[in-house]
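Undergrad: To start, I am sharing the structure in question, which I have written as structure tokens.
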């Protein structure tokens, strides 16, 4: 039994060393270049106008992406960010009796 335990331990150590060696290779990804600031600002303005329409002309997921990008670019004032998040919150299904739809967000 002792020989089997030693053999299993040696095998485990060899596997771990191989995994560690593989993990230290060069990464195959590149960090994407920053977008053109003027184009980014134009897109943010377009999305901001779409959010302010009734009903909003931007999908719910796109609104969250817009908010993140707008925060990164310092595009919106804090009260505008709060307004957008409250707008999205009004579209959330809060009734637990809704079953599988509970917690979903939609534009209606």
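The values are calculated or read from the model by the stated rules, or taken from the named source; none is laboratory data. All figures in this text were calculated on a predicted structure; none of them were measured in a lab. Backbone-built Cβ (ideal geometry, glycine too); neighbour counts: all protein chains shown.
Undergrad: Is it true that some residue in region 1-9 is in a loop (DSSP other than H, G, I, E, B), at pLDDT below 80 and exposed (fewer than 10 other Cβ atoms within 10 Å of the Cβ)?
TA: For region 1-9, residues in a loop (DSSP other than H, G, I, E, B), at pLDDT below 80 and exposed (fewer than 10 other Cβ atoms within 10 Å of the Cβ): present.
Undergrad: Give the residue that is farthest from the chain's Cα centre (by Cα), with candidates limited to residues of region 70-82 that are assigned to a helix (DSSP H, G or I) and surrounded by 14 or more Cβ atoms within 10 Å (Cβ to Cβ).
TA: Filtering region 70-82 for residues that are assigned to a helix (DSSP H, G or I) and surrounded by 14 or more Cβ atoms within 10 Å (Cβ to Cβ), the one farthest from the chain's Cα centre (by Cα) comes out as 80.
Undergrad: Something else now. Please verify whether residue 60 is closer than 28 Å to residue 35 by Cβ, surrounded by 11 or more Cβ atoms within 10 Å (Cβ to Cβ) and in contact with a strand residue (DSSP E or B) (Cβ under 6 Å, 6 or more places away or on another chain), treating the condition exactly as stated.
TA: Yes: the conditions hold for residue 60.
Undergrad: Just need a number here: residues in region 84-108 that are surrounded by fewer than 13 Cβ atoms within 10 Å (Cβ to Cβ) and assigned to a loop (DSSP other than H, G, I, E, B).
TA: Result for region 84-108: 7.
Undergrad: Give me a count of the residues in region 15-49 that are surrounded by 10 or more Cβ atoms within 10 Å (Cβ to Cβ) and modelled with pLDDT of 80 or more.
TA: 11
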